[in-house]
Amino acid sequence: MARTSASFSRLPHLPQTYCTLFALKNRSALRSAALFGIAPRMNSKLRYFLRSAMLMASPSRRACPNCAGSGRIVSRKYVVTALRRCNECALLYRTPTDRPDEAERFYNESYEQGTAMDLPSPAELEVMKAQQFGAMNNDYTKFSEFLRELEVPKGGRLFEYGCSWGYGSWVFTQHGYDVKSYEIARDRREYGVHHLGVNLTNDFERFVNENAGTFDAFFSSHVLEHVPSPSAIIDAALKLLKPGGVLLSVVPNGSDSWRRADPESWRQLWGMVHPNFIDELYLTRALGSVSSIIWAWPASIDDDALAHLNTGAAGTQLLGALDRYELFVAARKPH
Ligand SMILES: [Zn+2]
C-alpha cells in the first residue's frame with residue numbers, strides 16, 4: 001500500500017471539507033451539530049450539553065452501544081462528554097450514549113428540519129443529474145469505478161445502506177448496477193423515490209433475511225458512525241452478500257494516524273452527531289475472519305492491495321496511509 005498517496009488531491013482544511021461533505025448529505029443535522037451561531041444551532045447544542053451533564057454519571061450511558069461492554073476514555077470534550085474505546089469490540093464511542101429510541105428520533109426529527117431548503121429543486125436536480133452529481137464531494141462515479149476495479153460485474157446487485165435522498169444510488173444505477181437502497185429519514189427516501197426513482201426497502205432486517213447471499217456489493221457512505229450498532233450493519237452486509245461479494249464503506253476517520261496529523265480536526269469528528277468514531281482497530285475486530293483493505297480515502301489502490309482482497313489470509317487487514325479525514329474499508333466475503 002506504499003503507493004496509496006500517489007493520486008491524492010489536496011483536500012481543503014477539514015472543518016470546511018467536513019461541513020461541506022456532511023452538509024450535502026444531511027444539512028439539517030449539520031445545523032444541529034454546529035457549536036454556536038443562529039438560535040436553533042445553539043439550542044440544539046445546549047440541549048446536548050445539558051443532557052450530557054445529566055446523564056454523565058449514569059453507568060448505563062457509559063456502556064458500549066455496539067456490544068454493551070465497558071470502555072476506557074481516550075478523549076474528552078466539553079467536560080461532560082467523553083470518547084471511549086470499548087474493551088470488548090474496540091469501537092470508539094461517545095458517552096453519555098444515546099438510547100436507540102433517542103437516536104431514531106434524532107434522525108427522524110432533527111434530520112427533517114429545514115428539508116425544503118435542503119433538497120434540490122427540480123431545476124437544480126436536472127443540473128446535478130447532468131453532471132452525474134460530480135460537484136458533490138462524495139463522488140459516486142469514483143466509487144463506481146472502484147467497484148469495477150473490484151470486479152463487481154455490470155448488472156450486479158448493489159445495496160446502498162443509508163442512501164439519503166438517493167443521488168448516490170442514482171449514480172450507481174447509471175453505471176449499470178442493479179441497486180436496492182435503505183434510508184432511515186422519511187423525507188429523504190420519499191424524495192429519492194419520487195425524483196430519482198430510487199428502489200427502496202423500508203424494512204432492512206426483513207430484506208436481509210429474505211435476500212441473504214444474493215448481492216454482489218454492499219455500500220455505505222457516512223452511516224456507520226451514526227447507527228447504534230455498526231457491527232450489526234456489517235454482519236447484515238456480510239449476510240446479504242454472495243460469496244465473493246464486496247463490502248465497501250467510507251466513514252469519518254477515527255484512526256490515531258489522523259489524530260496525530262490534525263488533532264483539532266480529528267476531535268471535531270466525534271460528538272453529538274457522530275456517536276461512533278470508526279477506526280482500523282474496530283474494523284479489524286468487526287470483520288472477524290474476513291480479509292480487508294483499509295486506507296484513507298481518496299487514494300488509488302495498487303494491485304498488491306487489490307490482490308489482498310482475493311488472496312489475503314482469513315481475517316488479515318492490509319492498512320494503507322490513514323492520515324486523512326475519511327477512512328475507507330473494502331472487504332470481500334470469502335468464497
Ligand atoms: Zn463494544
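The values are calculated or read from the model by the stated rules, or taken from the named source; none is laboratory data. Note that this is a predicted model, so its numbers are computed, not measured. Counting neighbours? That spans all protein chains shown, and the Cβs are built from the backbone with ideal geometry, glycine included.
Name the single residue, out of those in region 206-220 being surrounded by fewer than 21 Cβ atoms within 10 Å (Cβ to Cβ) and among the charged types (D, E, K, R), that is nearest to residue 161 (Cα to Cα).
Checked region 206-220; the qualifying residue nearest to residue 161 (Cα to Cα) is 206.
Mind checking which residues of region 231-246 are over 19 Å from residue 143 (Cβ atoms) and within 16 Å of the ligand (Cβ to nearest atom)?
231, 232, 235
Quick one: in region 47-100, which of the residues that are small (Gly, Ala, Ser), surrounded by 13 or more Cβ atoms within 10 Å (Cβ to Cβ) and at pLDDT below 80 is farthest from the ligand (Cβ to nearest atom)?
Ranking the candidates gives 53 first.
From the list 306, 327, which one is outside any helix (DSSP H, G or I), farther than 15 Å from residue 234 by Cα and aliphatic (A, V, I, L, M)?
Residue meeting the stated conditions: 327.
Could we say that residue 223 is under 23 Å from residue 69 (Cα atoms), surrounded by fewer than 24 Cβ atoms within 10 Å (Cβ to Cβ), in contact (Cβ under 8 Å) with a residue 60 or more places away in the chain and not basic (Lys, Arg) here? Walk me through it before giving the result.
On the way: under 23 Å from residue 69 (Cα atoms): yes; surrounded by fewer than 24 Cβ atoms within 10 Å (Cβ to Cβ): yes; in contact (Cβ under 8 Å) with a residue 60 or more places away in the chain: yes; not basic (Lys, Arg): yes.
So residue 223 fits the description; yes.
Return yes or no: is residue 235 farther than 23 Å from residue 173 by Cα, surrounded by fewer than 23 Cβ atoms within 10 Å (Cβ to Cβ), without any contact (Cβ under 8 Å) to a residue 60 or more places away in the chain and not β-branched (Val, Ile, Thr)? Break it down into steps so the answer makes sense when it comes.
Numbers: farther than 23 Å from residue 173 by Cα: yes; surrounded by fewer than 23 Cβ atoms within 10 Å (Cβ to Cβ): yes; without any contact (Cβ under 8 Å) to a residue 60 or more places away in the chain: yes; not β-branched (Val, Ile, Thr): yes.
Yes, satisfied.
Of everything in region 302-324, what is in contact with a Phe, Trp or Tyr (Cβ under 7 Å, 6 or more places away or on another chain) and either surrounded by 19 or more Cβ atoms within 10 Å (Cβ to Cβ) or farther than 15 Å from residue 256 by Cβ (or both)? Give them in sequence order.
Once the filter is applied, which keeps residues that are in contact with a Phe, Trp or Tyr (Cβ under 7 Å, 6 or more places away or on another chain) and either surrounded by 19 or more Cβ atoms within 10 Å (Cβ to Cβ) or farther than 15 Å from residue 256 by Cβ (or both), region 302-324 yields 320, 322, 324.
Within region 196-294, considering only helices (runs of 4 or more DSSP H) that don't extend past its boundaries, which have at least 1 residues that are farther than 30 Å from residue 51 by Cβ and of a type in the set (Ser, Thr, Tyr)?
Values: elements: 204-210, 230-240, 256-261, 263-268, 280-287.
Answer list for region 196-294: 256-261, 280-287.
Restricting region 171-195 to residues that are part of a helix (DSSP H, G or I) and in contact with a Cys (Cβ under 9 Å, 6 or more places away or on another chain), which is farthest from residue 242 (Cα to Cα)?
From region 171-195, those part of a helix (DSSP H, G or I) are 171-174, 186-195; that's our starting set.
With the extra rule that they be in contact with a Cys (Cβ under 9 Å, 6 or more places away or on another chain), the set shrinks to 188-189, 192.
On the way: 188: 29, 189: 26, 192: 27 Å.
Selected residue: 188.
Please count how many residues of region 150-172 are within 21 Å of the chain's Cα centre (by Cα) and surrounded by fewer than 21 Cβ atoms within 10 Å (Cβ to Cβ). First the steps, then the outcome.
Start the filter on region 150-172 by keeping residues that are within 21 Å of the chain's Cα centre (by Cα), which leaves 150, 152, 157-172.
This time we only want the ones that are surrounded by fewer than 21 Cβ atoms within 10 Å (Cβ to Cβ), so: 150, 157.
The number of residues fulfilling the criteria is 2.
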